[in-house]
Amino acid sequence: MKLASLKHGRDGKLAIVSDDLTRCTDASRIAPTLQAALDDWDHAEPHLRELAQSLEVGAAPVERFHERECMSPLPRAFQWADGSAYVNHVELVRKARGAEMPESFWSDPLMYQGGSDSFNGPRDDILMAEDEGWGVDMEGEVAVILGDTPMGVGPVEALDYIRLVMLVNDVSLRGLIPAELAKGFGFFQSKPSSAFSPCAVTPDALGDAWRNGKLCLPLLVTLNGEPFGRADAGVDMTFHFGQLIAHAAKTRPLAAGSIIGSGTVSNKLDGGAGKPVAQGGAGYSCIAEIRMIETIASGAPKTPFMKFGDRVEIEMTDAKGKSIFGRIEQTLRPYRR
């Protein structure tokens with residue numbers, strides 16, 4: 001089952017989307033918004049699935065589905081906690097600045113609590129008052145939306161609380177991160193609004209691609225029309241989503257609608273840093289990673305961060321090459337108040 005929030009008011013209007021992403025039907029009579037559905041999932045889910053089946057067989061009112069008319073599935077959320085499940089990415093960050101990575105990073109996930117009061121839609125521009133000085137970067141990730149999750153849940157049981165899966169562009173301002181982290185109090189200004197894929201998909205609809213708390217398909221990241229990343233989200237993921245959820249729920253329950261992110265999808269190559277797509281590698285899901293590799297290799301980065309007019313696309317396709325979640329497509333543009 002695929003769900004979307006069509007542009008309507010502040011929190012969107014819930015819609016069911018066909019498997020091929022061509023058609024949709026209004027689901028607001030079951031729940032006006034996705035958050036409302038998640039709050040009453042046990043009651044809403046069977047009715048949503050029945051409507052989804054009716055849509056597939058042509059027995060429900062149909063509208064043409066346009067991804068540009070979508071807000072993020074949750075335009076705002078009670079919780080957005082982003083992990084760093086691909087420790088390869090963390091290792092490269094530290095190696096580029098000559099720092100050793102603590103051994104605990106392999107057993108204890110990194111996670112930060114991001115701003116969740118406003119998410120961008122999948123086709124909204126990335127608006128920034130500055131670009132080069134702030135080092136605007138995209139970060140291609142996978143995320144899950146939870147139902148009500150109890151405190152102290154274990155990693156295996158935690159998988160039962162995943163309601164939906166989606167993609168993320170977790171925008172980072174690399175020029176602001178060092179000074180902010182140096183304060184010892186975490187991200188804030190360096191993490192502006194993230195954007196999520198047009199559709200959020202139930203795990204069962206992913207078939208064999210959803211295995212053991214991982215989404216085992218390449219994440220397709222394109223920058224200015226050129227392939228930038230093709231890293232497989234199921235490879236080199238040190239912590240699966242059950243482990244990330246258990247980490248987040250160690251000392252608190254997580255409310256329905258909480259979002260947990262995987263962190264930047266990152267693959268190694270032959271035990272070392274990956275290669276660009278153009279050189280036969282899996283590429284990268286963020287600009288920072290290729291800059292790290294350039295720094296390790298030659299002492300300085302060569303690839304610039306995003307500039308005004310640059311366009312990033314993030315998508316994932318099934319075995320037949322069909323888009324699963326729809327496409328995040330954003331252009332960096334100047335912010336005008």
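Before moving on, here are some points about what is shown:
- Whole-percent carbon and sulfur share, accessible surface of the chain, 1.4 Å: 49
- Debye-sum result for segment 103-173 in log10 I(q)/I(0), which assumes one identical scatterer on each alpha carbon, at q = 0.13, 0.25, 0.29 Å⁻¹: -0.59, -1.34, -1.44
- Helix axis angle, 287-298 relative to the chain longest principal axis, alpha carbon, degrees: 20
- Sorted largest first, extent of segment 53-157 alpha carbons per principal axis (Å): 59, 43, 25
- Shown is the FRET efficiency for Asp208 and Thr22, computed with R0 = 22 Å from the Cβ-Cβ distance and rounded to the nearest 0.05: 0.40.
- Segment 97-186: chymotrypsin sites (Phe, Trp or Tyr not before Pro) falling in loop per DSSP and having at most 16 other Cβ within 10 Å: Phe185
- Placing unit charges on the Cβ atoms of the charged side chains and taking the dipole of the chain about its Cα centre, the candidate lying farthest along the positive direction among Ala282, Ala297, Leu38 is Ala297.
- Take each peptide in 79-87, 6-14, count the other Cβ atoms within 10 Å of every residue, and average; sorted highest first, the result is 79-87, 6-14.
- Dimensionless Rg over Rh [segment 70-223; C-alpha; Kirkwood]: 0.96
- Sequence of Arg68, Arg49, Arg163, Arg337 when ordered by accessible area, the most exposed leading, probe 1.4 angstrom: Arg337, Arg68, Arg49, Arg163
- Working note: Cα gyration tensor of the chain, eigenvalues times five, square-rooted, sorted largest first, giving semi-axes of 31, 22, 19 Å.
- Cross-link reach is defined here as a Cα-Cα straight distance under 23 Å, omitting same-chain residues fewer than 8 places apart; for Lys250 the lysines meeting it are Lys214.
- In this label model, Gln279 and Phe185 are separated by 4.1 nm, measuring between points 7 Å along each Cα→Cβ vector.
- For the chain, a simple Cβ point-charge model (Lys and Arg +1, Asp and Glu -1, everything else neutral) yields a dipole of about 680 debye relative to the Cα centre.
- Cα gyration tensor shape for segment 143-237, rounded if a/c is under 1.5, else prolate or oblate: oblate
- Between segment 314-337 and segment 158-235, the alpha-carbon center distance in angstrom: 12
- With R₀ set to 45 Å, the beta-carbon distance separating Asp108 from Tyr335 gives a calculated FRET efficiency near 0.75.
The values are calculated or read from the model by the stated rules, or taken from the named source; none is laboratory data. Nothing here was measured: the structure is a model prediction, and the numbers come from that model. Reconstructed Cβ throughout: ideal geometry from the backbone, glycine too, with neighbour counts over all protein chains shown. For the accessible areas, the whole protein counts, side chains as well, though only heavy atoms, and no ligand, DNA or RNA atoms are used. Shrake-Rupley method; radii C 1.70, N 1.55, O 1.52, S 1.80 Å.
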